[in-house]
Structures are given as C-alpha cells and as structure tokens.
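The values are calculated or read from the model by the stated rules, or taken from the named source; none is laboratory data. From a predicted model like this one, the values you see are computed outputs, not experimental measurements. Positions of Cβ are backbone-derived with ideal geometry, glycine not excepted, and every protein chain shown enters the neighbour counts.
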Amino acid sequence: MGLRILFKREDGYHELETMLFQLPILDVLEVNISSSFSFQTSGLSISGNESDNLCVKAFRLVQEKYKIPNVSIHLHKNIPMGGGLGGGSSDATYVLLALNEIFQLKLSDSDLQKLAAQLGSDCALFVKTTPQIGKGRGEVLEEIPFSLSGYWLKVVNVGVFVSTQEAFSNIEFVESNTTIQEILSQPMESWKENLINDFERTVFKHHPVLQEVKDKLYQEGAIYASMSGSGSTLYGIYAEKPELSFQEGDLEEVIYLS
C-alpha cells in the first residue's frame, strides 16, 4: 500500500518506501524429506529453468549453510506471476519456514529474515504476517499497528504480466516530506490523493487497461484503489461488499477483512 521509489543506490538497487499488507490469496506448498531432491509444480504454468526458481534457491541456500538432507517440493501455483502480489517471494520464504520446522533448525525470525533477504528484496516480509513498513530495497522492515478490519477488499488481475525490469524503466523520483506511515494514519478518504504507487505512472503508460481497471474500482464505490507493488494487480477498499464485475477468466477476489 503506497510505494515510493526514492533514488537509485550505488549498488544498483533502488531505495524505496512502502507498506506491506498480506492477503489470504494463497499458493500451496508441500515439503517432504526425500532420498533425492525434486521440485514439481501444478496449477498455473511457471516459466524458466528449475534451478532459477526461488523455491529451489531457498532449499539450496539452507542445504549449503546447514547441511540438511534432500527434500521433495511440490508447489501448486494460484497467485499470478508478474502481478505484484509477492507470490514467488512468499513461496521462497515459506520453503525456509518449512525447512526450519522439519529439520528443527531453531532459526529465529531475524535469522530467517536475513536468509530470505538473500533470495529477494521482499522475501523477508513473509517471515511474519503483520503489516510492515518496508524500506531499503524492501528488506528493512518495521512492524506497524494497522488494520483494515471491517472493510471489504476487491483484488483484480486481468492477466497482464509486468516484469520488475519493465516497472523500473523510466521511473520518476518524486520527493515527499510525509512518510507512508503518516499518510496511513490519516482518514482513508485522503489516501486517493496522497498514498501513491510510483510504479503506476510507468506501468499505466505501457498498459492503459490497468488505468481502466483502477477507474472502474472507483466507479464501483472504492474508498481507495491502487496497483499492488510493481503491478499488474489492482485492488480497491470498500465500506460495503462490492459485486463481482470483471470478465470470467480474470482473477477477481472479494475479501472481507475481519
């Protein structure tokens, strides 16, 4: 919720500020001890080589550091790729959590976050389930008191794939004296003007349909609507339950936040 790209760092990463809020939209992960390593998938098709998958990298990282035996991993993919929902990052982190439990490694949350940060900028978020402010390249985390209890959330993905490289292309840096945490403490009606995702300027130019989705969420009564992460998923927050209104085949979830 809100994503500011502040500047490009000397190490090639971008310094950012965002608020990270987890949703009950889930992949399914099964990890079992095995005589040989295997990685299988079902559900949505995953492109690329097996060795490049973050789940495999997570296992190899722990195996090398803690000398654990082989496992079999099965990933059932529901979360769309290139959708800005952190699906791949959460899968990788939950492999770490599973290995920590299965092999009784007794790693602390801090230990797991340090391992997760080696896999991806937003992987460390998923060690905990609480709302967090993310800074640095996303791995510097601070838990904050924040709740959307009693609101409805509509999440829409129309199948547009946005790579991280594409999202960062031609990004514009915008200065602000107000932090995202300060904006979130203000009435939700003010977020439309103040709680900005900087990626929208670039991504909407390349994919105008995403601007149309955001506009539709507001037309349907959203108090606040935005793109998630680097895109392409959009979400709207509502006081009353919204109707399903997008085409069959699109990912459209209506979630009550208790």
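Residues of the range 120-131 that are closer than 28 Å to residue 65 by Cβ and either surrounded by fewer than 16 Cβ atoms within 10 Å (Cβ to Cβ) or of a type outside the set (Asp, Glu) (or both): 120, 121, 123, 124, 125, 126, 127, 128, 129, 130. Residues in the range 91-119 that are crowded, with 22+ Cβ neighbours inside 10 Å and of a type in the set (Gly, Ala, Ser) were compared, and the one that is farthest from residue 70 (Cα to Cα) is 116. Would the range 202-219 turn up any residue that is of a type outside the set (Gly, Ala, Ser), under 12 Å from residue 2 (Cβ atoms) and touching a strand residue (DSSP E or B) at 6+ places or on another chain (Cβ under 6 Å)? Scanning the range 202-219 turns up no residue that is of a type outside the set (Gly, Ala, Ser), under 12 Å from residue 2 (Cβ atoms) and touching a strand residue (DSSP E or B) at 6+ places or on another chain (Cβ under 6 Å).
Tell me whether the range 179-191 contains one or more residues that are of a type outside the set (A, V, I, L, M), touching a residue at least 12 places away in the same chain (Cβ under 8 Å), surrounded by 16 or more Cβ atoms within 10 Å (Cβ to Cβ) and more than 25 Å from residue 127 (Cβ to Cβ). Yes, some residue in the range 179-191 is of a type outside the set (A, V, I, L, M), touching a residue at least 12 places away in the same chain (Cβ under 8 Å), surrounded by 16 or more Cβ atoms within 10 Å (Cβ to Cβ) and more than 25 Å from residue 127 (Cβ to Cβ).
Within the range 208-231, the residues that satisfy the criterion of being at pLDDT 95 or above and assigned to a loop (DSSP other than H, G, I, E, B) are 220, 221, 222, 223, 228. For the range 132-151, filtering for residues that are out of contact with any helix residue (DSSP H, G or I) (no Cβ under 9 Å at 6 or more places or on another chain) and buried (at least 19 other Cβ atoms within 10 Å of the Cβ) leaves 0.
Residues checked against (1) touching a residue at least 60 places away in the same chain (Cβ under 8 Å); (2) in contact with a Ser or Thr (Cβ under 9 Å, 6 or more places away or on another chain); (3) part of a strand (DSSP E or B):
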{"site": "1", "(1), (2), (3)": "yes, yes, no"}
{"site": "4", "(1), (2), (3)": "yes, yes, yes"}
{"site": "11", "(1), (2), (3)": "no, no, no"}
{"site": "26", "(1), (2), (3)": "no, yes, no"}
{"site": "39", "(1), (2), (3)": "no, yes, yes"}
{"site": "56", "(1), (2), (3)": "no, no, no"}
{"site": "62", "(1), (2), (3)": "no, no, no"}
{"site": "65", "(1), (2), (3)": "no, no, no"}
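Restricting the range 232-258 to residues that are of a type outside the set (S, T, N, Q), assigned to a loop (DSSP other than H, G, I, E, B) and more than 18 Å from residue 151 (Cα to Cα), the residue that is modelled with the lowest pLDDT is 249. Is at least one residue of the range 23-32 among the aliphatic types (A, V, I, L, M) and more than 19 Å from residue 86 (Cα to Cα)? Checked the range 23-32: at least one residue is among the aliphatic types (A, V, I, L, M) and more than 19 Å from residue 86 (Cα to Cα). Within the bounds of the range 92-104, is there any residue that is in a helix (DSSP H, G or I), under 22 Å from the mean Cα position of the chain (by Cα), small (Gly, Ala, Ser) and modelled with pLDDT of 95 or more? Yes.
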